[in-house]
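Participant: One structure is given below, represented as structure tokens, and several questions about it will come after.
The values are calculated or read from the model by the stated rules, or taken from the named source; none is laboratory data. What you are looking at is a predicted structure, and each value in this text was computed from that prediction instead of being measured. Cβ placement follows ideal geometry from the backbone for every residue including glycine, while neighbour counts extend to all protein chains displayed.
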Amino acid sequence: MICQIDSIYRKLFSCFGPQHWWPARSRFEVMVGAILTQSTNWSNVEKAINNLRKNSLLDAGKLYRMPQGKLARLIKSAGYYNIKAKRLKEFLRFLFESYKGDINKMSLADTRLLRRQLLSVNGIGPETADSILLYALGKPVFVVDAYTKRIFSRHRLIGEDADYHALQDLCLKNLKKDVKLFNEFHALLVKLGKEFCLKNKPRCGICPLR
């Protein structure tokens, strides 16, 4: 199995090169983006983040003190803005109550403890929690998404009914535990899923993994 997964990574990296993901200017921006990207595409998230940046509001303290309704209006382009504003506020409450709003202090915590804490925050599921851990905090956690499941199931590495943690365990057991590798591999799988391994009418004939 390890050869198959490693081979997928090498082929994708050879074809696409480094992806420079997550596209953000700060760790806090990654955290905000991870929550906003739920149920929408990245272009909509970028608009919301740019709106916060334009108003000099990409700051944990400022958003923590901001009324939820105002925050919702600022992130409207991300869709489901009232729900996402509530989730952001819940996350910020956790950040300030558990780590006094200090992301550096948060990054020093044990990975398993952090993951449990994040999953206890209303509105944060495994993919969002793991994105924060990997991309914002530099923890060696493999992020799984719909693209990962689609690609690996089509290549018969895992069954179509496999859940998030089964697929994550597969990757953790068959890849070197390395933040840079996990970062790059996830980004490459996203690119493959968006451009070749489409949900409908996959472009198998020209896929880099053919």
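Participant: Need a quick list: helices (runs of 4 or more DSSP H) entirely within the stretch 12-96 having at least 1 residues that are closer than 19 Å to Leu137 by Cα and more than 17 Å from the chain's Cα centre (by Cα).
Facilitator: Per the criteria, 60-65.
Participant: If the Cβ limit is 6 Å and pairs must be 6+ apart or interchain, which residue in the stretch 5-26 that is hydroxyl-bearing (Ser, Thr, Tyr) pairs with which residue that is assigned to a helix (DSSP H, G or I)?
Facilitator: Between residues of the stretch 5-26 that are hydroxyl-bearing (Ser, Thr, Tyr) and residues that are assigned to a helix (DSSP H, G or I), the close pairs are Tyr9/Phe185.
Participant: What is the one condition in (1) surrounded by 19 or more Cβ atoms within 10 Å (Cβ to Cβ); (2) more than 30 Å from Ser98 (Cβ to Cβ); (3) charged (D, E, K, R) that Lys176 does not satisfy?
Facilitator: It is condition (1) that Lys176 fails.
Participant: Criterion first (in the same structural domain as Leu192 (by TED's automatic domain parsing) and either surrounded by 15 or more Cβ atoms within 10 Å (Cβ to Cβ) or at pLDDT 95 or above (or both)) does Leu167 satisfy it? Write out each step before concluding.
Facilitator: On the way: in the same structural domain as Leu192 (by TED's automatic domain parsing): yes; either surrounded by 15 or more Cβ atoms within 10 Å (Cβ to Cβ) or at pLDDT 95 or above (or both): yes.
Here the answer is yes, as Leu167 does meet what is asked.
Participant: Test Glu195 against the criterion of being closer than 21 Å to Arg25 by Cα and in the same structural domain as Leu12 (by TED's automatic domain parsing), and give yes or no.
Facilitator: No.
Participant: Have a look at Phe185, Phe142 and point out the one that is closer than 21 Å to Trp21 by Cα, touching a residue at least 24 places away in the same chain (Cβ under 8 Å) and not in a helix (DSSP H, G or I).
Facilitator: Phe142
One line per residue, one yes/no per condition, for (1) among the hydroxyl-bearing types (Ser, Thr, Tyr); (2) surrounded by 13 or more Cβ atoms within 10 Å (Cβ to Cβ):
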{"position": "Arg10", "(1), (2)": "no, no"}
{"position": "Ala24", "(1), (2)": "no, yes"}
{"position": "Ile35", "(1), (2)": "no, yes"}
{"position": "Thr40", "(1), (2)": "yes, yes"}
{"position": "Ser43", "(1), (2)": "yes, no"}
{"position": "Asp59", "(1), (2)": "no, yes"}
{"position": "Tyr81", "(1), (2)": "yes, yes"}
{"position": "Glu90", "(1), (2)": "no, yes"}
{"position": "Arg93", "(1), (2)": "no, yes"}
